[in-house]
């Protein structure tokens, strides 16, 4: 994510299937590759580093003035626990593991494996920050306990220690991970299937809790929910998003005490588990983005696995349009992992629109024409995108944004070329038999 003159960056070596990968985190990030090429591992590694501070804040908030360990030790323990929860037992991790996440200039965390344990190193300014944080935490709790303020401790904490941690790491955004299996997970929850939360994947747990919040918010329908929002700007954004969702779904989403359903214009109710798999994917992806928009005052970093799942190519284009509109309207950042060349093509169109907007930024008439084609919030700024392709066989990767700030046509046409080669071989065989 862009933070002033700094940009966050991740370096991964020998983490599961990923042998070597390096990427700056921008506003719009896209990774394409075949199955088992490392897309999920990379996205989970980014989530892992971005979530560390959220877990630290939660720990400090819960234990308050009963914290017995140093802040550095708390960070070490949380990092180790989170790593094992996400990536598995350390004995299954390569001995040559190397991870580095740069939050801003001179501010980074490095992780290696040594003697079947994680060796964690912090940049010097982080060590200095730990010492300052310990003093500030002690001071905050002493003042709060002595003052006995009626103000909620949660508010005092978030404005004080919480803000201090976010500001130091320039990691002010909330991070959300929308997994590829989102419709199955959400459907289990929607059907009130008993879930064993102790066995749920660390990545899935925040998604499930988010779905639960959304279901509660939408119990009287999405329109009624939006109508009662006091923030006019947020209400406008949510209305725009919901109109698109209703268009895709053919009706409005409700969730009562028994189940979720789509209410059509003729008032007929269709249970969510009876709609198509493609519609289920759309519903939970877009409803979650809708819920994220309402829940947060700050910008978000949203990781979306395979937005194309179960969708016809035309709808894949619509989904990318929706995601980019969400990104621009809420000033959020996005990371998409995909297999689909249609996602690449759709992204390239919006990137081209962003390029034209830059070229014609002083021409009101041209800008209006571009907005009429892709919408006011439908373009990707060419200076705010990163896109990479992962290669399965030799574990390499390449940047697919060319010097013209567009996605390389060869990458878009790669699948088509493979299919066409097969056709050409068959055609040549037929031609040779006739001669």
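Worth a mention:
- Boolean, residue 239 is at positive phi and either at pLDDT 90 or above or exposed (fewer than 13 other Cβ atoms within 10 Å of the Cβ) (or both): no
- Residue 120 meets the conditions (1) in contact with a helix residue (DSSP H, G or I) (Cβ under 6 Å, 6 or more places away or on another chain); (2) assigned to a helix (DSSP H, G or I) in every case but one. The failed one is (2).
Residue-by-condition table, conditions (1) loosely packed, with under 15 Cβ neighbours inside 10 Å; (2) out of contact with any strand residue (DSSP E or B) (no Cβ under 8 Å at 6 or more places or on another chain); (3) over 30 Å from residue 294 (Cβ atoms):
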site: 340; (1), (2), (3): no, no, no
site: 346; (1), (2), (3): no, yes, no
site: 362; (1), (2), (3): yes, yes, yes
site: 365; (1), (2), (3): yes, yes, yes
site: 369; (1), (2), (3): yes, yes, yes
site: 385; (1), (2), (3): no, no, no
site: 406; (1), (2), (3): no, yes, yes
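- Complete set of residues in the stretch 295-314 that are crowded, with 18+ Cβ neighbours inside 10 Å and at negative phi: 300, 301, 302, 303, 304, 305, 307, 308, 309, 311
- Checking the stated criteria, residue 85 turns out not to satisfy the condition of being in contact (Cβ under 8 Å) with a residue 12 or more places away in the chain, in contact with a strand residue (DSSP E or B) (Cβ under 6 Å, 6 or more places away or on another chain) and within 29 Å of residue 18 (Cβ to Cβ).
- Filter result (buried (at least 23 other Cβ atoms within 10 Å of the Cβ) and either in contact with a strand residue (DSSP E or B) (Cβ under 8 Å, 6 or more places away or on another chain) or assigned by TED's automatic domain parsing to the domain that holds residue 25 (or both)) within the stretch 272-283: 283
- Which listed residue is over 23 Å from residue 178 (Cα atoms), in the same structural domain as residue 27 (by TED's automatic domain parsing) and outside any helix (DSSP H, G or I), from 358, 376: 376
- Residue-level analysis places residue 84 outside the set of residues that are in a helix (DSSP H, G or I), crowded, with 18+ Cβ neighbours inside 10 Å and assigned by TED's automatic domain parsing to the domain that holds residue 13.
The values are calculated or read from the model by the stated rules, or taken from the named source; none is laboratory data. Since the structure is predicted, the reported quantities are computational estimates derived from the model, not experimental observations. Cβ coordinates were reconstructed from backbone atoms using ideal geometry, including for glycine residues, and neighbour counts include every protein chain displayed.
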